[in-house]
Amino acid sequence: MREYCLTGSWTALAAGLLMSASSPVQAQENHQAPAPPSNVVGEDRPWDDGEEIILRWTLSPDDGDSVSEYLILQTVAEVGDFEVTPDFKIIDSTQAGTDHLVIEIKPQSRLSEVRRLGDRVDIRGLVDTGNHEFELSYHYQVIAVDSDGNRSAPATTSAAVKAVMQPYDLSRLSLMIITFVFCGAVVFWINRARKGKPIKVRKIAGLEAVDEAVGRATEMGRPILYIPGIQDINEIQTIASMTILSRVVKTAAQYDAKVEVPTSKSLVMTTARETVQAAFMEAGRPDAYNEDLIYYVTDEQFGYVAYLQGMMVREKPATCFYMGAFFAESLILAETGNSIGAIQIAGTAMPAQLPFFVAACDYTLIGEEFFAASAYLSGEPEQLGSLKGQDVGKVMVAALLIVGVAMATVAAMTGWAPLTNAVTFLKSVILT
């Protein structure tokens, strides 16, 4: 009986050892790495700015079963004509079921790679174009990973690939179309104006009042003060101011009125003198031109304003024009002119100063009106056509904004994927 029990004990022990010996094998089979992907191919993305590579591969046979993600590894294959020892590093990952990935290659990342490889390759012969756009080629590996973290063998590209800048970035095709439409509208309206067909331009009250303002100064026997802003002649608002100055002086020459133009920049003084002289000649009164009435005061902002304020109080001009770029002095000038009872016409594109001019002046040219004054006053076909073409562009932009806001609203309410993609395209491509 005791021998039987001993034999049974040895049998149970042997069975236990056998089971424990087979367990690691079974566990290893349960945690086997997934099959690797295949046919990994890298290619330069066509028609781009040379900063993207498209990586494609065939999914692992275990995709949809045990594969949870794919790891993307990258290494520099060549720097210029120098080959580099592979050193693959993980740069990205993607979910299971994905068989391609767009990899972004920024110029700054290329510079970092070259610096990092400086002790491994001779980079003295490389040429830096100024944008750090070195000729770098890359190899890629794709590894399948299961939910337990087991990795497959890497699948590697057979040939190196590099991002190459193309003649045109096709992602900006919409911008090219919009540009052609805008330019086409301008050319169309210029040709229409040249053929003598009427182009309607809305009346600008401030410019229509020029004759009235100059006539009032003539009746009162007092001068006209014209201030072309405080910026230099390279400021677009100062250039626009010269066009209006020409119209004011031409009208004043016909009425035999005195126009005084103090400036805060010497180049503006020179330009204003030439503008005034040309206006007198155009009016048929070149002998009435007096260059001493167009003079330089000082570059100092409030020194210039103090002079203008004192002159306005002493001479009491009947009409004051403020045309150009103004800053803190706008309210000082407008309030002083209002206190002496002058007709005041202002025009500026400085949003922060417009409220002061609107409150204290009789007429104010607001932003676009100020810049449109040149076409409005000259009546030249080129300027009128350009103005009309720009209006077409503004209508298109306004329509695009309205449609975009409506699409974004509906997309946020419904979550419809095609509409959401369209809104993303508008924001990331059209509006950037």
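For the chain, the tally of Lys pairs with Cα-Cα distances below 25 Å comes to 21, considering only residues 8 or more apart or on different chains.
When +1 charges are put on Lys and Arg Cβ atoms and -1 charges on Asp and Glu Cβ atoms, the dipole computed for the chain relative to its Cα centre reaches about 1580 debye. Taking label positions 7 Å along the Cα-Cβ direction at both residue 287 and residue 188, the computed distance is 5.2 nm, reported to one decimal.
Pulled fully out, how much extra length does the chain show between residue 200 and residue 339, if you take 0.36 nm times their separation in residues and subtract their Cα-Cα distance? Spell out each step's value before the answer.
On the way: separation 139, 0.36 × 139 = 50.04 nm, distance 3.77 nm.
Value of the extension gain: 46.3 nm.
Measuring nothing but alpha carbons in the chain and taking Rh as the Kirkwood radius, the Rg to Rh ratio lands at 1.31. Taking each residue as 0.36 nm, the span from residue 69 to residue 277 lengthens on full extension beyond its C-alpha to C-alpha distance by 67.1 nm. The amide H of residue 77, built 1.01 Å from its N in the peptide plane, has 137, 138, 139 as neighbours under 5 Å, considering only residues 5 or more places off or on other chains. Remark: the residue 82-residue 208 segment gains 38.1 nm on full extension, using 0.36 nm per residue and subtracting the alpha carbon distance. Once both labels are positioned 7 Å from their Cα atoms along Cα-to-Cβ, the gap between residue 178 and residue 166 label points is 2.0 nm. Three principal axis extents describe the C-alpha atoms of region 210-361; from largest down they are 40, 33, 24 Å. Measuring r between the beta carbons of residue 239 and residue 429 and using R0 = 45 Å, the FRET efficiency lands at 0.85.
FYI, it's all coordinate maths here, none of it is from the lab. Just so it is clear, the model here is predicted, and its values are computed rather than measured. FYI the Cβ positions are ideal-geometry reconstructions off the backbone, even for glycines, and counts take in every protein chain you see.
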